Amino acid sequence: MDLDADNPLAVEIRQEMAAAYFAACKRMLSALDAFKAFNLATSSSPLTDNETRRRTELLEEAAERVYFVLIQREAIKLPGSVAFFDDYEVPHEVRAHLGPRRRR
């Protein structure tokens, strides 16, 4: 979005966009960390049914959060989408499930 830097309203809109983007990034990182931590904690033994369900929930949450950030990046025209996945260490499994969660 092209906004006039001399227009106070435009500056405020830009600030709001940046704040929303960084809040989404924070939620995304939290979801990615939870998914990675769960995988590390359960990597030594087969998963129980409850653990499998929890892992699926964490995977879907992380994939949705990454998807939302990608949409925001596109909306505010941030470059470097390809490097984004590497910069944030988004697991391939999460990448494969990008999109909104299925509501049950």
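The values are calculated or read from the model by the stated rules, or taken from the named source; none is laboratory data. All of these numbers come straight from a predicted model, not from anything done at the bench. Note: ideal-geometry Cβ built from the backbone for every residue, glycine included; neighbour counts use all protein chains shown.
Picking from LEU47, LEU9, LEU32, LEU40, which residue would you name as being touching a helix residue (DSSP H, G or I) at 6+ places or on another chain (Cβ under 8 Å), aliphatic (A, V, I, L, M) and in a helix (DSSP H, G or I)?
Values: LEU47 fails: in a helix (DSSP H, G or I); LEU9 fails: touching a helix residue (DSSP H, G or I) at 6+ places or on another chain (Cβ under 8 Å); LEU40 fails: touching a helix residue (DSSP H, G or I) at 6+ places or on another chain (Cβ under 8 Å).
Of the residues listed, the single one that is touching a helix residue (DSSP H, G or I) at 6+ places or on another chain (Cβ under 8 Å), aliphatic (A, V, I, L, M) and in a helix (DSSP H, G or I) is LEU32.
For region 46-73, how many residues are closer than 20 Å to ALA19 by Cβ, crowded, with 18+ Cβ neighbours inside 10 Å and among the aliphatic types (A, V, I, L, M)?
The total comes to 3.
Would you mind telling me which numbered condition in (1) touching a residue at least 40 places away in the same chain (Cβ under 8 Å); (2) closer than 13 Å to ALA62 by Cβ PHE38 fails?
Exception for PHE38: condition (1).
Name, by its number, the condition in (1) among the hydrophobic types (A, V, I, L, M, F, W, C); (2) at pLDDT 90 or above; (3) assigned to a helix (DSSP H, G or I) that does not hold for LEU98.
Every condition holds for LEU98 apart from (3).
So ILE76 ticks every box in (1) exposed (fewer than 14 other Cβ atoms within 10 Å of the Cβ); (2) within 17 Å of ALA96 (Cβ to Cβ); (3) in contact (Cβ under 8 Å) with a residue 12 or more places away in the chain but one. Which box is left unticked?
All conditions pass for ILE76, except number (2).
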